[in-house]
C-alpha cells in the first residue's frame, strides 16, 4: 500500500459524517507506519478504544470505513478464535467483533454489518509473518504461499467492504 496523508485518510470515510472523520485520532506512530507491508491501514482509535478504522487503497482513491465494538461484549469459554479477514488464529482476546454502519441512508437508520477481525487490525503483518499471534495451543499450519494468503485476505476484506458500501 502506498503511504497516505492525514487529509487523504480523513476524506476517505464513507460511513461516518465529515465531523466524525475530522475528530478521529490517527494511529499512534503514524509517521512510522510500515506502508510497504500493508494491504490496508487498520487501527483502534487511541481516543476512543471501542472504535476502529480501516482505510483501503482503491483505483479511484482511498476508501475508509469506521467500525465499533458492539455494546454487548462477547462472553464465551472459547480458548481461540479465527479472524474472518486473514484467517489468523488467536487466543480468544486476539479477535473481536467489529461492526460498521452501512454507508448512506441505511447506515443513518442504524443498520450495520459486522465481522470478527484481529483485535489489533494487523492482518497484513500476520499474513506476512511479521507479527505472531498469541495462541494457547500450537499454530495453524497452512500450505498457501504468502502471496496467496495476502490475496485471500484482500478478497475477504473486499467482500466485507462491499457489504458496508452496498447496503449489506
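Only the coordinates and a few stated rules stand behind these numbers; no lab work does. Everything quoted here is computed from the prediction, not taken from an experiment. Every residue, glycine as well, gets a Cβ built from its backbone with ideal geometry; the counts of neighbours run over all protein chains shown.
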Counting all Cα-Cα pairs in segment 6-165, those more than 22 Å apart amount in percent to 41
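Can you tell me how much longer the chain between residue 25 and residue 131 gets when fully stretched, taken as 0.36 nm per residue apart minus their C-alpha distance, in nm with one decimal?
Values: separation 106, 0.36 × 106 = 38.16 nm, distance 2.35 nm.
Gain on extension, residue 25 to residue 131, equals 35.8 nm.
Classify segment 11-61 as rounded, prolate or oblate from the Cα gyration tensor: take a ≥ b ≥ c as the square roots of its eigenvalues, call it rounded if a/c is under 1.5, otherwise prolate when a/b beats b/c and oblate if not. Each step should come with its number before you reach the end.
Numbers: a/c = 2.03, a/b = 1.13, b/c = 1.79.
Oblate is the answer for segment 11-61, as a/c is 1.5 or above yet b/c matches or exceeds a/b.
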Rounded to the nearest 500, what is the chain's calculated 222 nm mean residue ellipticity when only DSSP H runs of at least 4 contribute -39500 (n - 2.57) each, over all residues? -6500 deg cm²/dmol
Order 122-135, 22-35, 154-167 from most to least packed using the mean count of other Cβ atoms within 10 Å. 122-135, 154-167, 22-35
Relative contact order (percent) for segment 6-165, with alpha-carbon contacts under 8 angstrom and 6 or more residues of separation? 22
Would you please report the Å³ per residue occupied by the convex hull of the alpha carbon atoms in segment 100-168? 100
